[in-house]
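The values are calculated or read from the model by the stated rules, or taken from the named source; none is laboratory data. Keep in mind it's a predicted model, so treat the numbers as computed, not measured. Positions of Cβ are backbone-derived with ideal geometry, glycine not excepted, and every protein chain shown enters the neighbour counts. Accessible surface areas use protein heavy atoms only, side chains included; no ligands, DNA or RNA. Shrake-Rupley method; radii C 1.70, N 1.55, O 1.52, S 1.80 Å.
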Amino acid sequence: MIKAWLTQLTALVGGLLLISGAALAQDPAEPTAPPPSPLPGLEDFVDGVMQGVLRDRPIPGAVVAIVKDGEIQLLKGYGYADLENKIPVDPERSLFRIASISKLFVGMAVMQLVEQDLIDLDADINTYLGTPLTLRFDTPVTVRHLLTHTGGFEHAQMGIFTDSKDPTPTLQQVIDTTMPEQAFEPGLYPAYSNHGFVVLGRIVEEVSGLSYDDYVEQHVMAPIGMTSSSAHQPVPGALADQVVTSYSMSANEFVPQPFEIVAASPGGAISATGLDMARYAIAALKAERSADIVSAASFDALQSVQFRVDPRVMGMGFSFPVQNLEGRPAWYHTGGLMYASSRLTALSEEDFAVFTAFNTGGPGHGAGNILWEALIDHYFPMPAPGDFPTPPPQADMQKYEGAYQTSGSFYHSFPALSAATGQTVVEATGDGELTLSNQWGTTVWRWVAEDRFRRPDSADTSGFGDLLFLFEDGATHPYASTRFNQTTRINLRQTGWRDFRVAESMLGHGRLIGKVLAVVLLILAGVALLRRKWFVAAANAATLLGLMTISRFLSERGILAPNFSGLEPLSLEMPPELKALLMQPTIALSLVAVGAALAGFAIWRGPRLDGRAGLVFLTTHIATIGLWIFIVLFLQEWRLLFA
């Protein structure tokens, strides 16, 4: 029995050894290969583009975050967060100002409160404001209007920034002191409005009981996992040491600048890392990833077109500018402060987004677009362009000609005249071509279809970058471009005095007449002094000073100074030097009024003004009064009288 048991044990051990040997004789299992990258060669490609950007533009530092299919594909810093201390950009720690990309967070915050029935999209905004706004039009401004930049408000120079040494103003203070006028009926045109988003932020505060920055951090940023970012100004606590230093350029050298305080904070205050913005982009690309923030219906409303000026163009979602790139849904937002710039752009169906930020202003603006376009051309190329079709007769092209100004400009405030110097002049040049000329240069556009034009060097066949003219009731309406940056504003044809070419011509003739009158007045004043005709001399001198004052005001040394409307945005209070400049028309008018009164008194005195000298005196002052009637009308048209 024992012998049988040993025999069975021996057989069992032998079988096990045989199985083990066979297993060992087989080749070892192959390791599982990683899945192919959705964007092969991405880091090398981006490195090449960014090296070129930083080489060609004076940019101290940048961060790039690229996401695809719910994963971070690239997160990288370039250059320095702090030049003086040679601290490189850390994409996980360095906080960049994202500027107007902050507006996307406003949309999400508002939609949360809509879901809770605390905000009605179509309600008059004044129903939510403790201090109602005084508006120009009877049509109520709704929350929907503000979310789509169609409240009708013109651009505002004041109330965007405030001095970093001053206490940060409340949203109500910004509204009370700097809210711009309405230029358009609500719902008529898109006109990008920072102050519209200040009002939205104030509504969030009113209905939630929290400050806007607290609300957006707790209810939008925290659920996404943006733990190293802040909506507060300045950035509080330990995060303050992670904020990049921003720079301007002076004499070819970088000059560090203080932290910019955005008074219009809901639309531009957030400071964020590249990693946190990658998390935001991942969440904002798919409804299921934003489920902790907004419902699927709200997500769709944010990124679906809620307003467009024409069925042929894309438009605005709720805070999200929505586009269509070669049939592919896209959304984007750019951001710019004086010393910072940023861009977030996404292709929704491709689940692809790119975030870039730079710690400088001017040179950084447009830098993010360079990378975006390079990535699209490389990874999502468009078909090659075809031949341009036969254009219409030249006579038909002339209907597009005129001077156009963006809807997001100044119309009812003092920078209106200087802003008009930036109008775009459209001219038909033959062979189906238009030239668009403004202070930034001249571009050529070729006819491709009725009312539609395309750059001859464009590789885009989708119509995404085309120029589209819109007509209404047979009259030239605005022209609106379907280019990527034209969902929040359109360009309106200007007529009469609002066409700067007409205004400039009228000013030229006025200056010539004024110079002739000034010479005559100077001579008359001198002769009157020699003859001891004191009232006559005083009348001539006062009128002459008035003409000299208004002439300087309406020159390139005054209100028409180069880039006047593009000066660094003003704080909540107008600087003393600007106040002094805007007082000049009132001073000039007062001097001319005094001169006219003295001239009347001199004429009333009678005999001393007989003869040729009296006739010249009388004619000169009548001509001066006529010129001043024109000047007053001109100043009133451009909102410069008693500004």
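A few points about this structure:
- Annotation note: Cβ proximity below 7 Å between a residue of the stretch 614-629 that is over 17 Å from ALA537 (Cβ atoms) and a residue that is in a helix (DSSP H, G or I) and not acidic (Asp, Glu) (sequence gap 6+ or interchain) occurs for ALA623/LEU517; ILE625/ALA596; LEU627/GLY510; LEU627/ILE513; LEU627/GLY514; LEU627/LEU517; TRP628/VAL592.
- All conditions in (1) modelled with pLDDT of 80 or more; (2) more than 30 Å from GLY362 (Cβ to Cβ); (3) open to solvent by less than 50 Å² (accessible area, probe 1.4 Å); (4) among the hydrophobic types (A, V, I, L, M, F, W, C) hold for LEU581, with the sole exception of (2).
- Only a single item in (1) surrounded by 20 or more Cβ atoms within 10 Å (Cβ to Cβ); (2) touching a residue at least 60 places away in the same chain (Cβ under 8 Å) is not met by VAL425, and it is number (1).
- THR168 meets each of the listed conditions (1) within 18 Å of the chain's Cα centre (by Cα); (2) under 22 Å from ASP214 (Cβ atoms) apart from (1).
- Cross-chain or 6+ apart pairs with Cβ under 8 Å, the stretch 234-246 first and under 13 Å from ILE261 (Cα atoms), then in a helix (DSSP H, G or I): PRO234/ALA240; VAL235/GLN242
- Boolean, GLU556 is in a loop (DSSP other than H, G, I, E, B) and at pLDDT below 90: yes
- Hey, GLY79 surrounded by fewer than 24 Cβ atoms within 10 Å (Cβ to Cβ), at positive phi, of a type in the set (Gly, Ala, Ser) and within 27 Å of the chain's Cα centre (by Cα) or not: yes
- The stretch 200-236: number of residues that are among the hydrophobic types (A, V, I, L, M, F, W, C) and part of a loop (DSSP other than H, G, I, E, B): 4
- Taken over the stretch 94-114, the criterion of being open to solvent by less than 10 Å² (accessible area, probe 1.4 Å), part of a helix (DSSP H, G or I) and within 17 Å of LEU337 (Cα to Cα) is satisfied by ALA99, ILE101, SER102, LYS103, LEU104.
- Residue match in the stretch 253-262 (condition: hydrophobic (A, V, I, L, M, F, W, C), at pLDDT 95 or above and buried (at least 24 other Cβ atoms within 10 Å of the Cβ)): no
- Exclusive hit being farther than 30 Å from ALA283 by Cα and without any contact (Cβ under 8 Å) to a residue 40 or more places away in the chain, set PRO167, PRO180, PRO186: PRO167
- Residue that is nearest to SER407 (Cα to Cα) [pool: residues in the stretch 160-191 that are open to solvent by 40 Å² or more (accessible area, probe 1.4 Å) and of a type in the set (A, V, I, L, M, F, W, C)]: LEU188
- Count - residues of the stretch 124-159 that are over 30 Å from SER246 (Cα atoms), assigned to a loop (DSSP other than H, G, I, E, B) and open to solvent by less than 20 Å² (accessible area, probe 1.4 Å): 6
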